[in-house]
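Right, one structure below, let's go through it.
Computed from the coordinates by the stated procedures, all read-outs in this text should not be read as laboratory data. Computed from a predicted structure; not experimentally measured. Methodologically, a virtual Cβ is constructed for each residue, glycine included, from the backbone with ideal geometry; neighbour enumeration extends over all protein chains shown.
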Amino acid sequence: MKVLILGSGGREHALAWAVKRSSRVTEVVCAPGNGGIAQIARCIPVNLKDLDAMVRVAEAEQPGLTIVGPELPLSLGIVDALQERGLRVFGPTRAAAMLETSKGFAKRFLQRHNILTANYALCASAAELEKAVEMFHPPIVVKADGLAAGKGVIICQSRNTALEAAHGLFSGKLLGEPEQQVVLEELLHGDEISFMCLSDGKHVIPLAPAQDHKRIGEGDTGPNTGGMGVYSTDTMLEPGMKDWVLHHIAEPTVRGMADEDAPFVGVLYIGLMMTARGPQVLEFNARFGDPETQAVLLRLESDLVEALEASIDGRLAETELRWTPGASACVVASSSGYPGSYATGFPISGLGAAAQVPGVQIFHSGSAQVGNQLLTAGGRVLGVTAAAPSLEEALARAYEAMAEIHYEGIYYRHDIGHRSLTRKP
Ligand code: AMP
Ligand code: GLY
């Protein structure tokens, strides 16, 4: 079977790598892909903002399966469009993807279904906002309703700064496009866990849990990014807690979407805050996380394509996933200046030596092949990923490989997973 992957980041590189290992797969095509993906799959240029262009690629390629990586094509209805043309596709419909594409929808949905989440107010006007803000004790979290590539959440220390941020979202000053709705939310405290599940619309099975490091700076300081590194271990979520999240959050969400005639088929990514009052939903994503996927797929022993097909066909109740025991970690190397502005086009060296470190896979987030030279081409450039029997070893391997890699302005955090290593059980 030929598999088409839509996307261009580290997540798509990891998906292509995992798909290629499936005994069912004869060819992997990626649109548009990147310099690293081009080493293992045929890449076809496409604009991920252009629904018709993506449909044309799929129609021309006639893949046996299309996997949608990022949220933007989901928000445009790529899954609906391919299904209408009789093409098999893994991912949620536009209606189901609203769990990610509208925070207002997600918050009201959580409330309708009594699923734990931060207290909130959804405001559609400046007047509503000014009334609602009085109900919150600072710090106040202000969120854009729509997709914002990680830039739509502002933590405000006073009511005045919350109002200013919310007005900035309404006017379009903060994100470029004006927001129709803004969410105000109480600030939650605790550890974040990325709890990803496969869903077939009725049943869910969890993937290995992961923890993302969203801030640019060591010790979780500085602005939010798309994710600077993750780790995944067997022990980061106790079995009782995992079952609780499954039964009280993941399953009710999938049941709720089915009851509302928008069955969710795809990866349900539940961003959890493990608070003193128990796990609470921070956000939903309707897709694989990036860089969670890089670390998690490195631990997956089962055939990914079979699992995705079981989701599409409603067979997850009979499906079990096998995981390599131990741990994995992904350390992201970015361009100097990211998440602000940065320069690209610098030659990358040392990838061969880095890949020799045992247990290491290097997934490219933003690279381009020009002639026979790999150049930096994004804010996040590489995800150096390693698996090992313990988290200490996985991190040591990832950092050993990272030390081999060079390009102008390379930046990475040295403390991925450290909080977990120093925490007493
Ligand atoms: P979101 O786009 O909703 O996932 O938010 C992005 C990040 O902002 C989350 O991963 C958290 O680190 C942070 N965040 C969002 N909502 C809250 C909240 N209510 N309390 C604390 N942190 C939050
Ligand atoms: N790593 C967070 C995300 O994929 O949204």
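Taking the Cα centre of the range 138-188 as origin and charging only Cβ (+1 Lys, Arg; -1 Asp, Glu), how large is the dipole, in debye to the nearest 20?
Using only the charged Cβ atoms, the result is roughly 120 debye.
Modelled spin-label separation between residue 151 and residue 202, with each label point placed 7 Å from Cα along the Cα-to-Cβ direction: 4.3 nm.
Calculated over the range 279-333, the projected area of the Cα convex hull averaged across directions stands at 5.5 nm². Taking the Cβ-Cβ separation of residue 313 and residue 235 as r and a Förster radius of 35 Å, what is the calculated FRET efficiency to the nearest 0.05? For R0 = 35 Å, the calculated efficiency reads 0.60. Compared with the direct C-alpha span, the chain from residue 251 to residue 301 gains 15.6 nm at full extension, assuming 0.36 nm per residue.
Placing +1 on the Cβ of every Lys and Arg and -1 on the Cβ of every Asp and Glu, with nothing else charged, gives the chain a dipole about its Cα centre of roughly 260 debye.
Multiplying the residue separation of residue 180 and residue 396 by 0.36 nm and subtracting their alpha-carbon distance yields 73.1 nm. Only alpha carbons enter this Debye calculation for the range 1-105, each as an equal point scatterer, and the log10 of I(q)/I(0) it gives at q = 0.15, 0.21 Å⁻¹ is -0.56, -1.06. The tail of the calculated P(r) for the range 313-380 beyond 18 Å holds 56 percent of all Cα-Cα pairs. Among 301, 134, 27, the order by Cβ neighbours within 10 angstrom, fewest to most, reads 134, 301, 27. Which lysines have a Cα lying under 20 Å from the Cα of residue 151, excluding residues fewer than 8 positions away in the same chain? By straight Cα distance, residue 151 reaches 49, 103, 107, 143, 173, 214. Over all orientations, the chain has a Cα convex hull whose mean projected area works out to 19.4 square nanometres.
Annotation: Cα Rg of the range 286-425 relative to the compact-globule expectation 2.2 N^0.38 Å equals 1.17. The distance separating the Cα centre of the range 222-260 from that of the range 367-419 comes to 26 Å.
Full extension of the chain segment joining residue 24 with residue 220 gains 66.4 nm, where the gain is 0.36 nm per residue of separation less the Cα-Cα distance.
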